[in-house]
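A quick write-up on the structure given underneath.
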Amino acid sequence: MVAPITLTVNGVPREVHAEPRALLVHVLRDQLGLTGTHIGCDTSQCGACTVLVDGRAVKSCSMLAVQAEGAEITTIERLGANGLHPLQQAFWDKHGLQCGFCTPGMILTAFDLLAQNPDPTEEEVRHALQGNLCRCTGYQNIVDAVCVAATVMRQQPSTAKLVQQQTANVPA
């Protein structure tokens, strides 16, 4: 039995049809063509499938698509829609990526962190990213990238506003 699901993806209202057992990651990739959301483990261990659901980082391989009914979903494709976001630029500048497989999940997890805490310590960044695995870089360059992006985002009011807009529906 296929059910209609209404959600907003990257700012665009969408209706998809999926079986009740379909995972959000599969709907995003297979029906909407948003392949920046990666499938790494299908067990919520690696974080490669992380997206923002109503402004908060969620591993989309552990969420049924029907659970996203009415939600605002943000994928990596939206974050870089108007040029590189400061997080993306910092990952590039600080060599926080190699193969890039974990990068979308890392960036969206960091985006959630910076929305909640615009001036995190290195320890807070490491704690926020602990559910995301990287097989290539080690984590120091990723942590450095998030810290640099946090500084840039605090200095750029337009970027801070984007963060506030993304989390406007998140309960305090």
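The values are calculated or read from the model by the stated rules, or taken from the named source; none is laboratory data. The structure displayed is predicted, hence computed values, not measured ones. Here the Cβ is made from the backbone with ideal geometry for all residues, glycine too, and neighbour counts use every protein chain on show.
Couple of notes before you dig in:
- Some residue of the range 13-28 being under 25 Å from Gly138 (Cβ atoms) and either part of a strand (DSSP E or B) or not acidic (Asp, Glu) (or both): no
- Yes/no for Asp112 being acidic (Asp, Glu), assigned to a helix (DSSP H, G or I) and surrounded by fewer than 17 Cβ atoms within 10 Å (Cβ to Cβ): no
- Every condition in (1) part of a helix (DSSP H, G or I); (2) more than 17 Å from Gln155 (Cα to Cα); (3) in contact with a helix residue (DSSP H, G or I) (Cβ under 6 Å, 6 or more places away or on another chain) holds for Gly105 except the one numbered (3).
- Restricting the first member to the range 127-155 and to residues that are farther than 17 Å from Ala57 by Cα and in the same structural domain as Leu114 (by TED's automatic domain parsing), and the second to residues that are among the hydroxyl-bearing types (Ser, Thr, Tyr) and in a helix (DSSP H, G or I), the beta-carbon pairs closer than 6 Å and six or more apart or on different chains are Met153/Thr159.
- The residues of the range 43-61 that are over 15 Å from Ala110 (Cβ atoms) and touching a strand residue (DSSP E or B) at 6+ places or on another chain (Cβ under 8 Å), listed by number, are Ser44, Cys49, Val53, Asp54, Ser60, Cys61.
- Taking the criterion of being touching a helix residue (DSSP H, G or I) at 6+ places or on another chain (Cβ under 9 Å) and not hydrophobic (A, V, I, L, M, F, W, C), the residues of the range 32-44 that qualify are Thr35, Gly36, Thr37, His38, Gly40, Asp42, Thr43, Ser44.
- Taken over the range 6-57, the criterion of being in contact with a His (Cβ under 7 Å, 6 or more places away or on another chain) and either of a type in the set (A, V, I, L, M) or within 14 Å of Ala71 (Cβ to Cβ) (or both) is satisfied by Ala48 alone.
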